[in-house]
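K.L.:
Provided herewith is a single structure, encoded as structure tokens, for subsequent inquiry.
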Amino acid sequence: MKYYNKPLALLVLSAFLLNDAIAQEHTGKIPLTLSQVWQKVSENNKTVQMQGLRVLGAVEKVKDAKNERLPEINAEAEYAKLSNVPIYEDGLFHAHDQFEGVIHTSYKFGGDMYMNLYNGGKTTLKIEEEKKESEITREQKNLTTSEMKLRATAYYLDLQRSTIFKNLLLKDISTQEKQLEEIKQLQKNGVVLKSDVLRATLKLSRQKMSLVQLDNDLAIANQKLNILTGMPDDTVVATEEDAEADLPALKAYPEYLTEAMENSYAFKISEKEEELRKLELKEVKANVSFKLGLFANYNYAYPQILLYPYSAAIYGLGMAGVKASFPISSFYHNVHKTRGAEIKYHIQEVEHADTQDKIRQEVNEAFLRYRESLTRIEVAKENISQASENLRIVNNTYFNQLSLLTDLLDADTQLLQTRFDYAAARIAARLQYYQLQKALGNL
């Protein structure tokens, strides 16, 4: 009797600890839906925040490019002391005379202005380039946000799957404990062998070890989700999504493909980069064009040495007019620059076509995997029915001494595994659906 009292005491203590763990599980948790998790990712994720700052930087570059249309205004001042002026009438290596009329102080101050009227459209092209860069940066932020949302979804669903597994395992442990007591009673009555009790106890011990592993899985997934959403590490998230909710119906593949070509962030980025290379090519070609602008300047200077006779007095001089120039050397300096820009543009065309291929492949894979996961759910559901019936039959035969304990334990394990498979299939299908949505540009 002492042999059996110790395991019984351990089982009672384990049950108490499990019940305490369940009680703690429902306290101190923050319930979050998947939409709320996405909102936190958009607001708090550091990678998304960095992309947001890049967007702001791109906006400033657009404003800076527009400011190039404003006139350039400069102000300058100069103050100097002049040396004596020795005059070497007989050569540098002979005695010299000293010029006496040198004014040793000199200064001037004034300003100038230049306003571009035409430079081959380079200013306008530069503004368009910066606008395109800003659009690309914005789409990159959208793509990054979508990627972070998908990663957060994976952690969230991992958390939900581990929670479901834990609940299934707790129920199974409770069932196994009751079954163990029945087997012990049979052993006391001499109906079964002591080895049956040991095998059942060993299985129960393994289940409890699996429970410890699940708790660690939950903690790891929870921390990953906290980091991704910007929440403190000690935040415990309770998933609020209905794991048994109906999954979205599958549409035809051509519909998904059309939608991806319209909404995919990667496609938009590639398309805008191609447009940017085209603008850069136009800007290089604009190097071979004349420039026209207005200019004006006015300066005060001392002494007056511009006109003869010179005088020790301040004078002012200004001018204004139109300035035109043409870079003749650009005809040969710009040849290779233009060819290089054309090659970059053609490379981008090929990259854009390659991006289209990758999007088609990504959409097709996500489509097929989602369809496969829906089929897997139906198979898993059918397996649960078969495993339940098998356990019912084996349970009756074992307690009627018509089958072995190993058959009963195998039947128990098969039923638990099929329930795990069904829960995992539903979680995997949901993740595949969001992967498809990410490929379509809808996440």
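The values are calculated or read from the model by the stated rules, or taken from the named source; none is laboratory data. Source: prediction; values computed, not measured. Every residue, glycine among them, receives a Cβ derived from its backbone with ideal geometry; neighbour counts consider all protein chains shown.
K.L.:
Taking region 332-366 on its own, how many of its residues are among the small types (Gly, Ala, Ser) and closer than 30 Å to residue 435 by Cβ?
P.N.:
2
K.L.:
Something else about it: For residues that are within 30 Å of residue 159 (Cβ to Cβ) and of a type outside the set (Asp, Glu), scanning just region 258-280, find the one that is surrounded by the fewest Cβ atoms within 10 Å (Cβ to Cβ).
P.N.:
Across region 258-280, the extreme among qualifying residues is 263.
K.L.:
Exactly one condition in (1) under 19 Å from residue 408 (Cα atoms); (2) touching a residue at least 24 places away in the same chain (Cβ under 8 Å); (3) charged (D, E, K, R) is false for residue 217; which is it?
P.N.:
That leaves (1) as the condition not met.
K.L.:
Taking residue 68 as meeting all but one of (1) modelled with pLDDT under 90; (2) in contact with a Phe, Trp or Tyr (Cβ under 7 Å, 6 or more places away or on another chain); (3) within 30 Å of residue 294 (Cα to Cα), write down the number of the exception.
P.N.:
The number of the failed condition is (2).
K.L.:
Here is a follow-up. Failed condition for residue 153, given (1) crowded, with 19+ Cβ neighbours inside 10 Å; (2) within 17 Å of residue 419 (Cβ to Cβ); (3) polar (S, T, N, Q), with all others met?
P.N.:
Result: residue 153 fails condition (2) only.
K.L.:
Filtering region 323-368 down to residues that are out of contact with any Leu (no Cβ under 6 Å at 6 or more places or on another chain) and part of a strand (DSSP E or B), which residue is surrounded by the most Cβ atoms within 10 Å (Cβ to Cβ)?
P.N.:
323
K.L.:
Taking the residues in region 369-394 that are of a type in the set (Gly, Ala, Ser) and surrounded by 18 or more Cβ atoms within 10 Å (Cβ to Cβ) as candidates, determine which candidate is farthest from the chain's Cα centre (by Cα).
P.N.:
Ranking the candidates gives 387 first.
K.L.:
Out of the residues in region 235-257 meeting the condition of being in contact (Cβ under 8 Å) with a residue 60 or more places away in the chain and under 24 Å from residue 363 (Cα atoms), tell me which one is surrounded by the most Cβ atoms within 10 Å (Cβ to Cβ).
P.N.:
Step by step, filter region 235-257, then rank; the result is 256.
K.L.:
Which residue, of 145, 235, is assigned to a helix (DSSP H, G or I) and modelled with pLDDT of 80 or more?
P.N.:
145
K.L.:
Residue 246 - would you say it is in a loop (DSSP other than H, G, I, E, B) and either within 30 Å of residue 132 (Cβ to Cβ) or not hydroxyl-bearing (Ser, Thr, Tyr) (or both)?
P.N.:
In short, yes.
K.L.:
Whether any residue in region 46-64 is modelled with pLDDT of 90 or more and either touching a Gly at 6+ places or on another chain (Cβ under 7 Å) or outside the structural domain of residue 134 (by TED's automatic domain parsing) (or both) is what I want to check.
P.N.:
No, because not a single residue in region 46-64 is modelled with pLDDT of 90 or more and either touching a Gly at 6+ places or on another chain (Cβ under 7 Å) or outside the structural domain of residue 134 (by TED's automatic domain parsing) (or both).
K.L.:
Hey, residue 226 hits all of (1) buried (at least 17 other Cβ atoms within 10 Å of the Cβ); (2) in a helix (DSSP H, G or I); (3) at pLDDT 85 or above; (4) out of contact with any Pro (no Cβ under 8 Å at 6 or more places or on another chain) but one; which does it fall short on?
P.N.:
Failed condition: (4).
K.L.:
Another one. Which members of region 66-109 meet the condition of being among the acidic types (Asp, Glu), closer than 19 Å to residue 303 by Cβ and in contact with a strand residue (DSSP E or B) (Cβ under 6 Å, 6 or more places away or on another chain)?
P.N.:
The answer is 78, and nothing else.
K.L.:
Name every residue in region 197-213 that is farther than 23 Å from residue 407 by Cα and either in contact with a strand residue (DSSP E or B) (Cβ under 6 Å, 6 or more places away or on another chain) or surrounded by fewer than 18 Cβ atoms within 10 Å (Cβ to Cβ) (or both), in order of residue number.
P.N.:
Once the filter is applied, which keeps residues that are farther than 23 Å from residue 407 by Cα and either in contact with a strand residue (DSSP E or B) (Cβ under 6 Å, 6 or more places away or on another chain) or surrounded by fewer than 18 Cβ atoms within 10 Å (Cβ to Cβ) (or both), region 197-213 yields 212, 213.
K.L.:
Sort through 217, 172 and tell me the only one that's modelled with pLDDT under 85 and in the same structural domain as residue 272 (by TED's automatic domain parsing).
P.N.:
172
K.L.:
Of everything in region 101-116, what is closer than 30 Å to residue 70 by Cβ and not small (Gly, Ala, Ser)? Give them in sequence order.
P.N.:
107, 108, 109, 112, 113, 114, 115, 116
K.L.:
With respect to residue 442, is the statement that it is more than 15 Å from residue 370 (Cα to Cα), modelled with pLDDT under 90 and not in a helix (DSSP H, G or I) true?
P.N.:
Answer is yes for this residue.
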